[in-house]
Amino acid sequence: MDNWDEVRTAYQVARMGTVSGAAEVLGVHHATVIRHIDALEGRLGVKLFQRHARGYTPTEAGEDLLRVAQATEDQFNQLVGRLKGQGDDVSGELVVTSLASLAPLVVPALTEFQRAHPGLILRYLTGDRLFRLEYGEAHVAIRAGAAPDQPDNVVQPFVAQTIGLFASRDYIDTYGKPDGIEDFEGHFFIGHDDENTRAPFYRWLRANTPAGSITFRGTDGASMQQAVLAGAGIGFMARWEAARHPELVEVMEPVPDWSGKLWLVTHVDLHRTTKVQTFLKFIKARAQDWAT
């Protein structure tokens, strides 16, 4: 890109949502902001923003530019901090992503981290899709399952999740408690609606329960957890989560195939920034309490 000033201007317009807001952040006249946006769109041959009465909304192309520019600004700010001898500053935005089911563990940790760094804006993104670190969609990802293998990512083992098979006391009172796989006949189970799910415990469930016994099926962990609590059947839950619900009964000892690992994933370009390193050190220490 020939003119970084134009890209930086577009980045601030995307962040602030208005020309006036970007102009204030950049310390320039609003006419300069408009000129930069028009010149950049003309050079690229695409519309970066939809103009409307309330301001500017990034198009898909604008969102792509925003992600790259954000990652670049993070790196530049880190360089400036090192050059000024202020590399221990933790400020700006920190974007963390994980499965929504981990929120009861992650949110208190994020809150504690933010209190320690008042200049920080935290964004916690959850969802089934993988947020792409290579496009700057997140600084740190907490991922489950097999070790991520995307190129240019730094992957570190985090913590292991022990998964158990649970039922509500109401369910046990009504249908009894199976002592093992041999007693599964006549019981009802809660499983994933996707037969190709990557979760090892749901694959185990399909292989070891009678045909037609998975009578409640869902697409996300929260809904299936609610089904277990409501007595819809026997289902899987992380042991740390089940411990928060005394009305649950563990129906059998966990099988090694159920256990899953969590991984901390960062992009190589941002891995060594002070903000990311400070957070990684914090969350690793905080996670030592999660097992208990």
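The values are calculated or read from the model by the stated rules, or taken from the named source; none is laboratory data. Quick caveat: nothing in here was measured; it's all calculated off a predicted structure. Virtual Cβ from ideal backbone geometry, glycine too; neighbours counted across all protein chains shown. Surface areas here come from the heavy atoms of the whole protein model, side chains and all, with no ligands, DNA or RNA. Shrake-Rupley method; radii C 1.70, N 1.55, O 1.52, S 1.80 Å.
Got a number for residues in the stretch 29-47 being touching a residue at least 12 places away in the same chain (Cβ under 8 Å) and of a type in the set (Gly, Ala, Ser)?
1
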Within the stretch 184-227, residues without any contact (Cβ under 8 Å) to a residue 12 or more places away in the chain, farther than 21 Å from Ala242 by Cα and either among the hydroxyl-bearing types (Ser, Thr, Tyr) or touching an Asp or Glu at 6+ places or on another chain (Cβ under 7 Å) (or both) come out as Thr197
Tell me whether the stretch 93-103 contains one or more residues that are loosely packed, with under 14 Cβ neighbours inside 10 Å and of a type outside the set (Phe, Trp, Tyr).
no
Could you list all residues from the stretch 226-247 that are out of contact with any Phe, Trp or Tyr (no Cβ under 7 Å at 6 or more places or on another chain), of a type outside the set (A, V, I, L, M) and open to solvent by 40 Å² or more (accessible area, probe 1.4 Å)?
Gln226, Arg239, Arg244, Pro246, Glu247
If you go through the stretch 228-243, how many residues are touching a residue at least 60 places away in the same chain (Cβ under 8 Å) and closer than 19 Å to Val159 by Cβ?
7
Residues of the stretch 169-197 that turn out to be open to solvent by less than 70 Å² (accessible area, probe 1.4 Å) and under 29 Å from the mean Cα position of the chain (by Cα), as a count
6
Every listed condition ((1) open to solvent by 20 Å² or more (accessible area, probe 1.4 Å); (2) charged (D, E, K, R); (3) under 20 Å from the mean Cα position of the chain (by Cα)) holds for Arg206 save (3)
For a quick check of your reading of the model, give me the residue pairs whose first member lies in the stretch 96-120 and is more than 20 Å from Leu262 (Cα to Cα), whose second is open to solvent by 60 Å² or more (accessible area, probe 1.4 Å) and part of a helix (DSSP H, G or I), with beta-carbon atoms closer than 6 Å and at least 6 apart or on different chains.
Leu120/Gln114
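Scan the stretch 250-282 for residues that are hydrophobic (A, V, I, L, M, F, W, C) and either in a loop (DSSP other than H, G, I, E, B) or out of contact with any strand residue (DSSP E or B) (no Cβ under 7 Å at 6 or more places or on another chain) (or both) and report the count.
Here the count works out to 4.
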